[in-house]
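One structure is given here, and the rest of the page talks about it.
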Amino acid sequence: MPPDRRLHVALPHGASRLRDPDDAVTAFIPRPDLCLHWSSGALDVDTPTRTASMPALLEDAFDCLPPEHVLTMVDSALSMRLLRERDLAALSAVLPAHLVRVVAAADGRAESGIETLARYRLRLAGLRVEVQVVIRGVGRVDLLVEGRLIVELDGRETHDGGEAFERDRVRDVAAAVDGYRSLRLSYRQVMYRWPRAQEAVFAALAS
């Protein structure tokens, strides 16, 4: 899916008769590089500050992005403490049932968007997935699948530097000694080659 490069603007629930930003007497004409979002009313825009709340922003995001991509935003907002548990309830209250299930899958322990995507997709595939598990002798791992497969999600930065590379291999050996299998997935594999990556997860579990 190509990135959405439009400017997204949140509007209060009752906003109408929009005007051109450069000419107050001229009616606003829709533009292809601009996407307008009217609040549902329950999650309104703060009119005095002209700032949309985080729940309102996420409500709008569900209108334009794949649900699993919005889930990465929810996880990130929870991790950064920009979103609270009660905000999740308010957001769920304005969403259809199939999106409420996506919000219910949020987990603020996720440390990256690709970790969120992998966790969500593997659970949809019927696998038991634990997040940020500490394994003695190995350390903290991104995902533990079915209690025996360690899945690490490697962003570009983890490949920069010999020390990090060596440390990862030491962890893999320690995991193998204790009976775990390890699988490392890159950003590109999660974002653009997921069917193959998921096939590798099932193959590792079957062996």
Order of 190, 103 from fewest to most other C-beta atoms within 10 Å?
103, 190
How high is the relative contact order of the chain, given as a whole-number percent (alpha carbon pairs under 8 Å, six or more residues apart)?
12
Please arrange 192, 120, 180 by how many other C-beta atoms lie within 10 Å of their C-beta, fewest to most.
192, 180, 120
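For Cα pairs less than 8 Å apart in space and 6+ apart in sequence, what is the mean separation divided by the residue count of region 111-207, i.e. the relative contact order in percent?
Averaging sequence separation for qualifying contacts and normalising by length gives 24 percent for region 111-207.
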Convert 25 °C to kelvin, take the viscosity as 0.890 mPa s, use the Kirkwood radius over C-alpha pairs of the chain as Rh, and evaluate the Stokes-Einstein diffusion coefficient in µm²/s, rounded to a whole number.
126
Sort 26, 116 by Cβ crowding within 10 Å, fewest neighbours at the top.
26, 116
What angle, in degrees between 0 and 90 and rounded to the nearest 10, separates the Cα long axis of helix 113-124 from the longest principal axis of the Cα atoms of the chain?
80
Charge dipole (debye, nearest 20) of the chain; +1 at Cβ of Lys and Arg, -1 at Cβ of Asp and Glu:
480
Out of 18, 131, 77 - ranked by how far each Cα lies towards the positive end of the dipole of the chain, with unit charges on the beta-carbon of charged residues - the top one is 131
Figure the gain on full extension for residue 31 and residue 163 (residue separation times 0.36 nm, minus the Cα-Cα span) and round it to one decimal in nm.
42.5 nm
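Every number in this text was worked out from the coordinates using simple rules, so none of it is lab data. None of these values were measured; they are calculated from a predicted model. We place every Cβ from the backbone using ideal geometry, glycine too, and count neighbours over all the protein chains shown.
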